[in-house]
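To keep things clear, I will list the structure first and then write my remarks on it.
The values are calculated or read from the model by the stated rules, or taken from the named source; none is laboratory data. Everything numeric here is computed off the predicted structure, so don't read it as measured data. Ideal geometry is used to build each Cβ from the backbone, glycine not excepted, and the neighbour counts take in all protein chains shown. Note: accessible area is taken over every heavy atom of the protein model, side chains too, but ligands, DNA and RNA are not part of it. Shrake-Rupley method; radii C 1.70, N 1.55, O 1.52, S 1.80 Å.
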Amino acid sequence: MSRYEPSVIEPKWQSAWEEAQTFRADRSEDKPKYYVLEMFPYPSGRIHIGHVRNYTMGDVIARYKLSTGHNVLHPMGFDAFGMPAENAAMAIGGHPKDWTYSNIDTMVSQMKPLGFGLDWSRMFATCDPEYYGQQQALFIDMLDTGLVYRKNAVVNWDPVDMTVLANEQVIDGKGWRSGAEVERRELTQWFFKISDFSEELLDALDGLDDWPAKVKLMQANWIGKSRGLQFAFSTVDAPDGFDRIEVYTTRPDTLMGASFVGISPDHPLAKQLEQDNPDVAAFCAEARKGGTTAEAIEKADKLGFDTGLRVRHPFDTAWELPVYIANFILMDYGTGAIFGCPAHDQRDHDFCTKYELPIVDTFLPLEGDFDIQAAPYVPTKSEKVRYTRPIAGETEQTGDDAVNAAIDLCEANGVGQGVTKFRLRDWGLSRQRYWGCPIPVVHCDKCGVVPEKKENLPIALPDDVTFDVPGNPLDRHPTWRDCTCPNCGGAATRETDTMDTFVDSSWYFARFTAPRATTPTDMAEAEYWMNVDQYIGGIEHAILHLLYSRFFARAMHITGHLPETAKEPFNALFTQGMVTHAIYQTKGADGRPVYHYPEDVELRDGKGFLQDGTEVQIIPSAKMSKSKNNVVDPVQIIQQYGADTARWFVLSDSPPERDVEWTASGAEAASKHLARVFRIASEIAGSDVPTTKEDEPLLREMHKAIFDVTGGVESFGFNAAIAKLYAFTNTLAKSKAGSDAKKTAALTLAQLMSPMTPHLAEEIWQVLGGEGLIANAPWPQADDAMLVEDMVTLPIQINGKRRGEIDVPKDLPKDEVEKLALAHHSVQKALDGGTPKKVIVVPGRIVNVVV
RNA sequence: GCGGGCGUGAUGGAAUGGUAGACAUACCAGACUUAAAAUCUGUUGGGCCUUGUGCCCGUGUGGGUUCGAGUCCCACCGCCCGCACCA
């Protein structure tokens, strides 16, 4: 009997699949299609164990769907543009292109030994001119249809990466990649008109039944719909052109509690006043400088500057309110102006207390006293309150009802209109970087901004660039900018901005359906393969990538590159958890922690020790990080245990949506188990035992295993499926059944394991004489008749507590079951001669006697 | 502040409202071995004494619905995540 040697069998079966083109996807009308996709990787240089988990889950689905008769598309590519390549060029020299393609080669060579059932013939990288050229074509189509536009805007400038960032890429006021404090600059930039789709992107979330509720909620919050009243305060003695100040509020029911009007330092009126009044200018300059970090915002004083201007209250023209410029009012939300109601808002309360403005309540709690001068009263909008100064009549109602009534009344009286606002801003896509997709437009003195002709695409990046000075190499390239205007034929210059790399990943899933097409997509292929039936990736993309992709799918439909049915491109989404690893640390001489590599730590009784006997502190389940020395390298794992062990382990133990901790003992156990399965199967292959009475119980267990594992795979319960496979293996190992039954069971075991451990499964399949490749074998079917036992064990409860059990035929009528249960000694004891109050018999499940 | 999620043995976790702790790790004991590794077998939620086909308790805490609750409802405690000067 031979040993289980993954290093021998794994390459063997990978070659067999490649030779048979098992995972090549071609359009075919006689099978239902299934498109499974994992979020494609950035070519950082090495694959990470998180990639292994992500792609293994996708592969389980892909292989399972293949064996259930689907035409499966399971492609792989690389999200290859981006800053790290430029940083590498700056740090170690060389060219971003060489760095990127060499990394891709390395990562492909690391991924192939994992045996994923991928159609490698479809692979591309987003930095391939064939890909980004089509992206440029798409951009031009979007420009034609008004989905892209150019405007002067205050943007987020990352001073380290020296580029503009989208709002979505600014986290706590810092660049998402560089971590540098973002500055505000005014530049002319390209924007995608995603805000036109706010309502639609929000509404369509409802139809995404197979998306995690959490992701849908995060997107809904991000889009940020609010209903409110927009109206104007008329001004008293204001500069020309400022007769009115437009204000937006979600709480028009508190209008009678208004104490001041506040405007943003960036508000046109503030800018006007700034010109004549140095005090205003100084205040505004100071306010604009204020940090944008959450911490800075938290600490920053709410500062106001009394402009001396007055406005009239819309309901009482004799009532005048002061106009303040305030540092906490944002120009890019609402109208850049607010009215302050200190009675029902903490911030306004603080502000009015500080500047000694009146605090007047508009509603109070239904019962009890409330000192509105001391604190604001801020109930939820669904809470019923007592209106002390109602706008639309009712005195006792909820905030929601009062708001709606107030909007209706204001509209009726011409005071303002009910409007719906969204938080979602247009997506600024210009980046002042080299390693990205060039924006395919030229600047002509005569014609202005002109899109390139499609026949000139791709507008390729020049290779002869240097990174010895900061900034965009395209800007300082001697000749690349020079071009002729596609419109008038005169001399013109190219746009040197490139696209945000999130553009690249917003349509790659569509490109996979026809990766070599000479248009962005091939409609026949797109109609056949779209949508992605199952998309799998990290929760960190819940907003950015997934929202952008949803927008792009719509844009591609409008520009004729995707069918209408693909407007929501991902039918089902699964967000998998991370692979974590313990951190082993001791305290260094300087008091700072010293991190130890797992191989230097010996684990005994749940404690860790260094070679010299020093105990280390174990921090369990931490995110892998190079600086914490707790990174597990998949390449090493594959060398040590083989791909199947790595695949088996990352799927077992934890539910796939949760984090799983990589442990040496767990990997060891997975490896041992696979070796055991191999051994059991080999023994069965060589055995010759006649049929026994143990055959049927084994086959029954087999059918239960088919049922449970199938259910587990279908519902992303991979950990539960694996637990069932362990249990079934134990049953098979102990079974005294004859060889034929055992062979059948072992073949089925191989099939059930094949999506997770495909190499081992093929090997066993071959050893046991299975026909062809197991990858192509039809998935086993559970026989319903074999799932139910003739005899069932029913637990007997007395008052809901388990007190015994009886074995009864499964079809025994209820009253017979009841009789048997009542005859049970524990029931007799409990009844003590009396009669039960009630007997509940749930056929096949349980008997409960109430005494 | 707003929104969402999660609390089950030493550990990861299982359980369509119906036998809580499947499966695995770790630990302990045994077989094989000169020994170790490997392999195989068995034990392991807590408590009680009368050692049984025994009794009591047990899924963060307190209450509720139900014949029956880890699961559903309410309140609280703890942890995690997302958003946030958003008007």
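Okay, residues lined up against (1) among the aliphatic types (A, V, I, L, M); (2) open to solvent by less than 30 Å² (accessible area, probe 1.4 Å); (3) not in a loop (DSSP other than H, G, I, E, B):
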| residue | (1), (2), (3) |
| --- | --- |
| A:Ser627 | no, no, yes |
| A:Gln639 | no, no, yes |
| A:Val650 | yes, yes, yes |
| A:Pro656 | no, yes, no |
| A:Ser665 | no, no, yes |
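Here's the yes/no breakdown for (1) assigned to a strand (DSSP E or B); (2) open to solvent by less than 70 Å² (accessible area, probe 1.4 Å); (3) under 25 Å from A:Ile637 (Cβ atoms):
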{"site": "A:His561", "(1), (2), (3)": "no, yes, no"}
{"site": "A:Phe574", "(1), (2), (3)": "yes, yes, yes"}
{"site": "A:His581", "(1), (2), (3)": "yes, yes, yes"}
{"site": "A:Thr586", "(1), (2), (3)": "yes, yes, no"}
{"site": "A:Tyr595", "(1), (2), (3)": "yes, yes, yes"}
{"site": "A:Glu599", "(1), (2), (3)": "no, no, yes"}
{"site": "A:Gly608", "(1), (2), (3)": "yes, yes, yes"}
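Look through region A:532-553, keep the residues that are open to solvent by 10 Å² or more (accessible area, probe 1.4 Å) and touching a helix residue (DSSP H, G or I) at 6+ places or on another chain (Cβ under 6 Å), and return whichever of them is farthest from A:His596 (Cα to Cα). So, considering only residues that are open to solvent by 10 Å² or more (accessible area, probe 1.4 Å) and touching a helix residue (DSSP H, G or I) at 6+ places or on another chain (Cβ under 6 Å), the one farthest from A:His596 (Cα to Cα) is A:Gln534. Contact map, region A:256-275: first residue more than 11 Å from A:Glu246 (Cα to Cα) and more than 12 Å from RNA strand B (Cβ to nearest atom), second residue among the small types (Gly, Ala, Ser) and in a helix (DSSP H, G or I), Cβ cut-off under 8 Å, separation 6 or more or different chains; pairs are A:Glu274/A:Ala281; A:Gln275/A:Ala281.
Of all residues assigned to region A:582-593, none qualifies as being farther than 30 Å from A:Ser627 by Cα and within 16 Å of RNA strand B (Cβ to nearest atom). Whenever a residue of region A:311-339 is more than 16 Å from A:Gly257 (Cβ to Cβ), its partners that are among the aromatic types (Phe, Trp, Tyr) and near RNA strand B (Cβ under 7 Å from one of its atoms), lying with C-beta atoms within less than 6 angstrom and at least six residues away or across chains, give the pairs A:Gly334/A:Tyr248; A:Thr335/A:Tyr248.
So that you can scan it fast, the table gives a plain yes or no per residue for (1) of a type in the set (A, V, I, L, M); (2) under 24 Å from A:Val52 (Cα atoms):
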site: A:Phe552; (1), (2): no, no
site: A:Thr559; (1), (2): no, no
site: A:Gly577; (1), (2): no, yes
site: A:Ile583; (1), (2): yes, yes
site: A:Gly591; (1), (2): no, no
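Given the criteria within 14 Å of RNA strand B (Cβ to nearest atom) and in contact with a helix residue (DSSP H, G or I) (Cβ under 7 Å, 6 or more places away or on another chain), does A:Ile338 qualify? Spelling it out, it is not the case that A:Ile338 is within 14 Å of RNA strand B (Cβ to nearest atom) and in contact with a helix residue (DSSP H, G or I) (Cβ under 7 Å, 6 or more places away or on another chain). Only residues that are among the aliphatic types (A, V, I, L, M), more than 9 Å from RNA strand B (Cβ to nearest atom) and either closer than 13 Å to A:Val52 by Cβ or touching a residue at least 40 places away in the same chain (Cβ under 8 Å) (or both) were counted across region A:616-665, and they come to 11. Can you tell me which residue among A:Val465, A:Val419, A:Val442 is touching a Pro at 6+ places or on another chain (Cβ under 7 Å), farther than 30 Å from A:Leu37 by Cβ, part of a strand (DSSP E or B) and open to solvent by less than 50 Å² (accessible area, probe 1.4 Å)? After ruling out the rest, the residue left standing is A:Val442. Any residue at all in region A:791-806 that's of a type in the set (Ser, Thr, Tyr), away from RNA strand B (no atom under 12 Å from the Cβ) and surrounded by fewer than 12 Cβ atoms within 10 Å (Cβ to Cβ)? No, every residue in region A:791-806 fails to be of a type in the set (Ser, Thr, Tyr), away from RNA strand B (no atom under 12 Å from the Cβ) and surrounded by fewer than 12 Cβ atoms within 10 Å (Cβ to Cβ). Selection of region A:611-625 for residues being in contact with a Lys or Arg (Cβ under 9 Å, 6 or more places away or on another chain) and open to solvent by 90 Å² or more (accessible area, probe 1.4 Å) yields A:Glu615, A:Gln617.
Please indicate, with yes or no, whether at least one residue in region A:722-737 is more than 10 Å from RNA strand B (Cβ to nearest atom), touching a residue at least 40 places away in the same chain (Cβ under 8 Å) and open to solvent by 10 Å² or more (accessible area, probe 1.4 Å). Yes, region A:722-737 contains at least one residue that is more than 10 Å from RNA strand B (Cβ to nearest atom), touching a residue at least 40 places away in the same chain (Cβ under 8 Å) and open to solvent by 10 Å² or more (accessible area, probe 1.4 Å). Within the bounds of region A:753-763, is there any residue that is under 30 Å from A:Pro212 (Cα atoms), open to solvent by 10 Å² or more (accessible area, probe 1.4 Å) and not in a helix (DSSP H, G or I)? Yes, region A:753-763 contains at least one residue that is under 30 Å from A:Pro212 (Cα atoms), open to solvent by 10 Å² or more (accessible area, probe 1.4 Å) and not in a helix (DSSP H, G or I).
Being more than 9 Å from RNA strand B (Cβ to nearest atom), at pLDDT 85 or above, open to solvent by less than 20 Å² (accessible area, probe 1.4 Å) and aliphatic (A, V, I, L, M) narrows it down to one of A:Leu321, A:Leu357, A:Leu364, so name that one. None of the other options fit; the residue is A:Leu321. Based on this model, can you work out whether A:Val215 counts as more than 9 Å from RNA strand B (Cβ to nearest atom), in contact (Cβ under 8 Å) with a residue 40 or more places away in the chain, surrounded by 14 or more Cβ atoms within 10 Å (Cβ to Cβ) and outside any helix (DSSP H, G or I)? Spelling it out, it is not the case that A:Val215 is more than 9 Å from RNA strand B (Cβ to nearest atom), in contact (Cβ under 8 Å) with a residue 40 or more places away in the chain, surrounded by 14 or more Cβ atoms within 10 Å (Cβ to Cβ) and outside any helix (DSSP H, G or I). Close Cβ contacts (under 8 Å, 6 or more residues apart or on different chains) running from residues in region A:387-398 that are closer than 17 Å to A:Ala343 by Cα and of a type in the set (A, V, I, L, M, F, W, C) to residues that are at pLDDT 80 or above and open to solvent by 50 Å² or more (accessible area, probe 1.4 Å) comprise A:Ile391/A:Phe315; A:Ile391/A:Leu409.
Looking across region A:15-50, the residues that are open to solvent by less than 40 Å² (accessible area, probe 1.4 Å) and either assigned to a helix (DSSP H, G or I) or free of Cβ contacts under 8 Å to residues at least 12 places away in the same chain (or both) come down to A:Ala16, A:Trp17, A:Ile49, A:Gly50. Return yes when A:Ala343 is within 15 Å of RNA strand B (Cβ to nearest atom) and aliphatic (A, V, I, L, M) and no when it is not. Yes.
Residues are listed down the side, and each one gets a yes or a no for (1) over 55 Å from the mean Cα position of the chain (by Cα); (2) within 13 Å of RNA strand B (Cβ to nearest atom); (3) closer than 21 Å to A:Asp790 by Cα:
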site	(1), (2), (3)
A:Pro809	no, no, yes
A:Glu816	no, no, yes
A:Ala823	yes, no, no
A:Val827	no, yes, no
A:Thr835	yes, no, no
A:Pro843	no, yes, yes
A:Val851	no, yes, no
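Where strands (runs of 3 or more DSSP E) fall wholly inside region A:70-183, the ranges with 2 or more residues that are open to solvent by 50 Å² or more (accessible area, probe 1.4 Å) are A:148-158. Residue count for region A:775-800 satisfying the condition of being in a helix (DSSP H, G or I) and in contact (Cβ under 8 Å) with a residue 40 or more places away in the chain: 4.
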